1. If each residue's Cβ is checked for other Cβ atoms within 10 Å, how do 40, 23 rank with the fewest at the top?
2. Report, to one decimal in Å, the Kirkwood hydrodynamic radius for segment 13-89 based on all distinct Cα pairs.
3. Ranked highest first by average number of other Cβ atoms within 10 Å, how do 25-37, 76-88 line up?
4. Taking 8 Å as the Cα distance limit and 6 or more residues as the minimum spacing, I'd like the relative contact order of segment 13-89 as a percentage.
5. Please rank 58, 43, 71, fewest neighbouring Cβ atoms within 10 Å first, as an exposure proxy.
6. Quick one: order 63, 53 by neighbouring beta-carbon count within 10 Å, fewest to most.
């Protein structure tokens with residue numbers, strides 16, 4: 001696979017929204033069409049901390065981003081989560097389905 005010549009040409013907002021929507025719909029057993037960028041995780045979806053933790057793990061594993069507990073606590077809506085992924089990937093992280101979380105032991 002050739003190196004990426006652009007800044008994240010394969011990653012766009014719609015793909016990140018679709019991943020989050022799909023994950024939340026499956027995790028919370030809700031209609032994915034009810035999830036928009038304005039959807040609040042806790043207020044609108046009644047997501048608990050475990051639901052949000054699994055979403056963060058999904059984003060980290062899929063896009064190779066790292067999100068601290070403090071950063072995660074500030075993300076209240078689907079749109080904010082998308083913004084975080086796009087901003088982080090744009091600063092050097094890369095989309096990956098095999099992202100490593102630390103050194104191999």
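Here, each number is a calculation from the coordinates, and none is a lab measurement. Just so it is clear, the structure is predicted and the values come from calculations on it, not from any experiment. When we count neighbours, we look across all protein chains shown, and the Cβ atoms used for this are built from the backbone with ideal geometry, even at glycine.
1. Values: 40 14, 23 19.
Lowest count first: 40, 23.
2. Taking the inverse mean of 1/r over all distinct Cα pairs, segment 13-89 comes out at 12.2 Å.
3. Working: 25-37: 13.5, 76-88: 18.3.
Listed from highest to lowest mean packing, they are 76-88, 25-37.
4. Numbers: 61 pairs, mean separation 30.0, N = 77.
Here the relative contact order equals 39 percent.
5. On the way: 58 16, 43 10, 71 13.
The order, fewest Cβ neighbours first, is 43, 71, 58.
6. Working: 63 24, 53 13.
So the residues, fewest neighbours to most, are 53, 63.
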